[in-house]
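Peer 1: My structure is below; once you've seen it, I'll send some questions.
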Amino acid sequence: MRKKISVLGSTGSIGTQTLEIVRYNQDIEITALAAGSNVELLEKQVREFHPKTACLWDEKAAAELKVRIADLEVKVVSGLEGLIEAATEPEAQIVVTAIVGMIGIRPTIAAMEAGKDIALANKETLVTAGHIIMPLARKMGVKILPVDSEHSAIFQCIQGAGGNKIYKILLTASGGPFRGRTREQLLHVQAEDALKHPNWAMGKKITIDSSTLVNKGLEVMEARWLFDVEMDQIQVVIQPASVIHSMIEYEDGAVMAQLGTPDMKLPIQYALYYPKRRFLPGDRLDFTKLREITFDVPDMETFPGLKLAYNAARAGGSLPTVFNAANERAVELFLQKKIYYLTITDMIQAAMESHHMVNAPDVDQILEAEQETYDFIMEKWGLS
């Protein structure tokens, strides 16, 4: 039986790799594709996969796409309404949420309310609205299937748990391209340096986030909601080779790990076919050549983003939204060469310290906190 999926963020890193899996397996039907503004690539995808709905966030880009594919029977939509339409496409069984940013929250909620399982690759959804998303998943009886490599690893380990309680999650991190450096050595880091991840090929924002350890902080917040654990049960461990993708420890001290080459197609495919595994072409771990696997503790003084994430998650309420929004804007400014590298976490800290927290915010309050954080940063740093 053919699976039917909708892909939000189809022109990005996760989206294009999802379509590679669809292309290889030949038994998944794409019912909707959504992207930001990449008309050319989305047109190619539409012509190859023949979705019923195609969405571009940018209205002008959507109008251009409509002209380009006038020969096809595809409905072209745009903006938030279009994104929600793509997420709730009637025939889709699974929605891959691979768009970046908090614009992913409302489409994810709409998809869940329509009874669709979520292959989750949008961190912001759980970071800022985990208290809304997880109860809704239980209410609607839908699955949240993690696509992120580390969360997929934990999820895979849990399949062998037999209902036993998790004592601790060991969330691995490569440490990024600046592992071992001091703050003084990071003073003059440029975007080109931060975009050179040692192991993974990812989009620009997540690559910068990995270099500051903010990405690991976001993953800690996600793990809390996905696996229903307390913050003190999540330990970040530096594992530079990215061979162990994450581990879980049980109450008796036993530890289970998921290992593999750093290839995002594995967690994507596992989410799409769960609980079954399919053959996946690509490199395999060669244990005859793997001489050692080393570990270290994260340096939270040099990379305070991780410590700030723990603080935000423990406080809860609207503070994780502020952490996420401040980082989003700071990374954007860094990539535009308007701020220094170390200013990224300075901005996050300042935004968190100035925020008046809202407990258990609804979606409107989450989005208000996001906008307030953007405004605060631009005003405090005198940027436009």
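The values are calculated or read from the model by the stated rules, or taken from the named source; none is laboratory data. Model, not experiment: these values are computed from the prediction. Methodologically, a virtual Cβ is constructed for each residue, glycine included, from the backbone with ideal geometry; neighbour enumeration extends over all protein chains shown. To get the accessible areas, we keep the full protein, side chains included, count just its heavy atoms, and leave off ligands, DNA and RNA. Shrake-Rupley method; radii C 1.70, N 1.55, O 1.52, S 1.80 Å.
Peer 1: Return yes when GLN235 is out of contact with any Gly (no Cβ under 9 Å at 6 or more places or on another chain), within 26 Å of PHE303 (Cα to Cα) and modelled with pLDDT of 95 or more and no when it is not.
Peer 2: yes
Peer 1: If you go through the range 7-23 one residue at a time, how many are open to solvent by 30 Å² or more (accessible area, probe 1.4 Å), of a type in the set (Ser, Thr, Tyr) and part of a helix (DSSP H, G or I)?
Peer 2: 2
Peer 1: Would you mind stating whether LEU80 is in a helix (DSSP H, G or I), out of contact with any Asp or Glu (no Cβ under 6 Å at 6 or more places or on another chain) and within 16 Å of ALA98 (Cβ to Cβ)?
Peer 2: No: the conditions fail for LEU80.
Peer 1: Is it true that ALA62 is touching a residue at least 60 places away in the same chain (Cβ under 8 Å) and either open to solvent by less than 30 Å² (accessible area, probe 1.4 Å) or not small (Gly, Ala, Ser) (or both)?
Peer 2: Considered against the rule, which asks whether it is touching a residue at least 60 places away in the same chain (Cβ under 8 Å) and either open to solvent by less than 30 Å² (accessible area, probe 1.4 Å) or not small (Gly, Ala, Ser) (or both), ALA62 comes out as no.
Peer 1: Find the helices (runs of 4 or more DSSP H) located wholly in the range 109-226 whose residues include 3 or more that are within 15 Å of the chain's Cα centre (by Cα) and among the aliphatic types (A, V, I, L, M), and list them.
Peer 2: 123-140, 214-226
Peer 1: Please give the number of the condition GLN93 fails out of (1) in contact with a Lys or Arg (Cβ under 7 Å, 6 or more places away or on another chain); (2) open to solvent by less than 10 Å² (accessible area, probe 1.4 Å).
Peer 2: (2)
Peer 1: Could you tell me whether VAL100 is open to solvent by 20 Å² or more (accessible area, probe 1.4 Å), among the aliphatic types (A, V, I, L, M) and not in a helix (DSSP H, G or I)?
Peer 2: Spelling it out, VAL100 is indeed open to solvent by 20 Å² or more (accessible area, probe 1.4 Å), among the aliphatic types (A, V, I, L, M) and not in a helix (DSSP H, G or I).
Peer 1: Contact list please: Cβ distance under 8 Å, first residue in the range 275-290 and farther than 19 Å from PRO146 by Cα and charged (D, E, K, R), second residue open to solvent by less than 100 Å² (accessible area, probe 1.4 Å) and in a loop (DSSP other than H, G, I, E, B), pairs at least six apart or on different chains.
Peer 2: Partner pairs satisfying both residue conditions: ASP283/THR261; ASP283/ASP263; ARG284/THR261.
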